[in-house]
1. Go through (1) surrounded by fewer than 20 Cβ atoms within 10 Å (Cβ to Cβ); (2) over 29 Å from residue 18 (Cα atoms); (3) out of contact with any helix residue (DSSP H, G or I) (no Cβ under 6 Å at 6 or more places or on another chain) and name the single condition residue 219 misses.
2. Out of the stretch 341-361, which residues are in contact with a strand residue (DSSP E or B) (Cβ under 8 Å, 6 or more places away or on another chain) and surrounded by fewer than 23 Cβ atoms within 10 Å (Cβ to Cβ)?
3. Looking only at strands (runs of 3 or more DSSP E) that fall completely inside the stretch 323-389, which ones have 2 or more residues that are closer than 16 Å to residue 289 by Cα?
4. Out of all the residues in the stretch 120-148, which are touching a residue at least 40 places away in the same chain (Cβ under 8 Å), closer than 19 Å to residue 187 by Cβ and part of a loop (DSSP other than H, G, I, E, B)?
5. Restricting to the stretch 52-88, give me the number of residues that are within 25 Å of residue 22 (Cα to Cα), touching a residue at least 40 places away in the same chain (Cβ under 8 Å) and either touching a helix residue (DSSP H, G or I) at 6+ places or on another chain (Cβ under 9 Å) or not in a helix (DSSP H, G or I) (or both).
6. Output the number of residues of the stretch 707-765 satisfying the condition of being in a helix (DSSP H, G or I) and in contact with a strand residue (DSSP E or B) (Cβ under 8 Å, 6 or more places away or on another chain).
7. Residue 336 fails exactly one of the following numbered conditions: (1) surrounded by 20 or more Cβ atoms within 10 Å (Cβ to Cβ); (2) in contact with a strand residue (DSSP E or B) (Cβ under 6 Å, 6 or more places away or on another chain). What is the number of that condition?
8. Looking only at the stretch 204-216, which residues are within 22 Å of residue 187 (Cα to Cα) and in contact with a helix residue (DSSP H, G or I) (Cβ under 7 Å, 6 or more places away or on another chain)?
């Protein structure tokens, strides 16, 4: 239609965020046509720009519906609207994308299967009935299949599958929800499944999914090629099968995530509310950590010793079909031996997972980018990220202003890296712990990919202060003009400042397990004075001796023994240890006490994480850890719901620093443990006390600085029991807490803080 020139007005809208590859342009085309408007829409580097014109009432209706009907996978972070001159253009068109300056922002994250595709999957009359690779512009693989830019089919692993006539027609129709859906496919032209035995030999079958689900129901472990790599699937209700997976995968006690067919099935195993359900059903479809039910259909070995369950829903058609046919929840864990990168290639998987998997469910669409499942908790009504990968990456975090190109290289554990380009911060997918060579290789592989796709020319790189970290050594090869070193806990604070955009005065609280301090000690219970981009240490937990370094992390009783010695004295520490740690040999206790006395392999620490370890051991919950964070997780899990009182503590000024004296608190936990109080009561008292410590210290520092905001970061704040009490306490003091919502509070988020700091340094503050 040609608009009437009388009374015609026009506007131009620019939308930034996750707006490309998610059906945004066809959505605009349909909406404009419905409203009787003319104009055009096009992709530009990092944004979608649309021009619409017509009468004022139609434009008003368009704007109202535009905000409420955007595609489910789209996420608009910035929207600008300005008046424009009417052009008299006839009808509404989708213009070809502008290719100048194409960036990674044109690639959306992988998206869970949409309701429309699920209906087709279940419809016997549909040509995609039971086709495990069904997708459209509203769902399907994105990041994990891209090989180069611009993001077109020929530059993805779908290039090996020429579209049939029917698929090509859908692909070229602006009114079809498969318009420019790059992974578009059907049974006639798309990827196919196959099955191989544990020895790699082909298994002849006309029903691959039926073959593997029968095996799963019989107790077998099946390696399934998913979106971002392989997963290991096993019947989550079969304790023997889950235990076998633990042995083969070398994952002694760390919890497994479980996939359920639908929300109703989740409710049988976990306590969830409407906000949880919205998270589970979202296009990101993360693993949600939720309270487990006492009477659950899951095997006890799924979440050994923990009252939480990692639950998620099928996010691909293949997963949906597996869950339908298996008719039971399935453990779906990463396809690797513990601590190794996830396997992505068929041959790679059959080599690396031989001896773990009894059967392999393969397909012939290559996985280009490794990506684990994302993990979140719920705080309030929103998500609180624990691991950021599938569904989130490579969507950027929008920064408060534009900066030069820089990169943050991340930490040693739970590693990610982060490139800043303009006002966007691009974090990598979860890389993992950089102690093993294969994980370091994955880091370098992913780093090269992001740098190439972003066309990044970093003027600076920022690494951790620790001299022995892999990323510290890698900094010389990062391709940056300048290098900065940033203390670990300051990076935590800068990470929260970056994602919240806060730029005023605040108190920063960074509590975690380990970070190399500016004084050479091991920090981990830190308070900071924040003034814009100036972050200075203002307080900390009082130092205590940490015996044995990493050995203390693996054996929390060592840290507990150190605290016993500090609070009860050397003479009383040994008999107390014999009483509290009956499973620890006396000779081991004496050797650690001797090392503490002689200061052999002993470092001072202010670590809040190690304090959690110690109390967990004192309570009898975890004297030895088989995975990182086990002792604190058990302590949180044990915390009684009813109020149990608090232990005393002291805030003191030492050398211009606010210092938290924890000795009375430890004496209280020891007295309660020796008095045979339940672990749940001790845990609750400890949590309430530490929350009171944080609130009291933050309040004092805020008052002296004239600040009204408190920034909370660090892995300890993954503990929602503690976090919720801190948030409540701060609000009662009329202080505004700032917490993470886009990146993890743990070390998976510090690369953002490093990049933000470096960007500010290069930009001049």
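1. Here residue 219 meets the rest and fails (3).
2. Kept after step one, since they are in contact with a strand residue (DSSP E or B) (Cβ under 8 Å, 6 or more places away or on another chain), are these residues of the stretch 341-361: 341-344, 346, 349-350, 353, 356-361.
Those that are in contact with a strand residue (DSSP E or B) (Cβ under 8 Å, 6 or more places away or on another chain) and surrounded by fewer than 23 Cβ atoms within 10 Å (Cβ to Cβ): 344, 346, 350, 353, 356, 358, 359.
3. In the stretch 323-389, the matching strands (runs of 3 or more DSSP E) lie at 330-334, 375-379, 382-387.
4. 127, 128, 130, 131, 132, 133, 134, 135, 141
5. 17
6. Of the stretch 707-765, the ones in a helix (DSSP H, G or I) are 715-718, 720-732, 747-763.
Next, from what is left, pick out any that are in contact with a strand residue (DSSP E or B) (Cβ under 8 Å, 6 or more places away or on another chain): 715-718, 720, 723-724, 726-727, 730-731, 747-763.
Total satisfying the criteria: 28.
7. (2)
8. Our first condition is that a residue be within 22 Å of residue 187 (Cα to Cα); within the stretch 204-216, this holds for 204-213.
Scanning the stretch 204-216 gives 205, 209, 210, 213.
The values are calculated or read from the model by the stated rules, or taken from the named source; none is laboratory data. Model, not experiment: these values are computed from the prediction. A quick note on method: Cβ atoms are made from the backbone with ideal geometry, for glycine too, and the neighbour counts reach across all protein chains shown.
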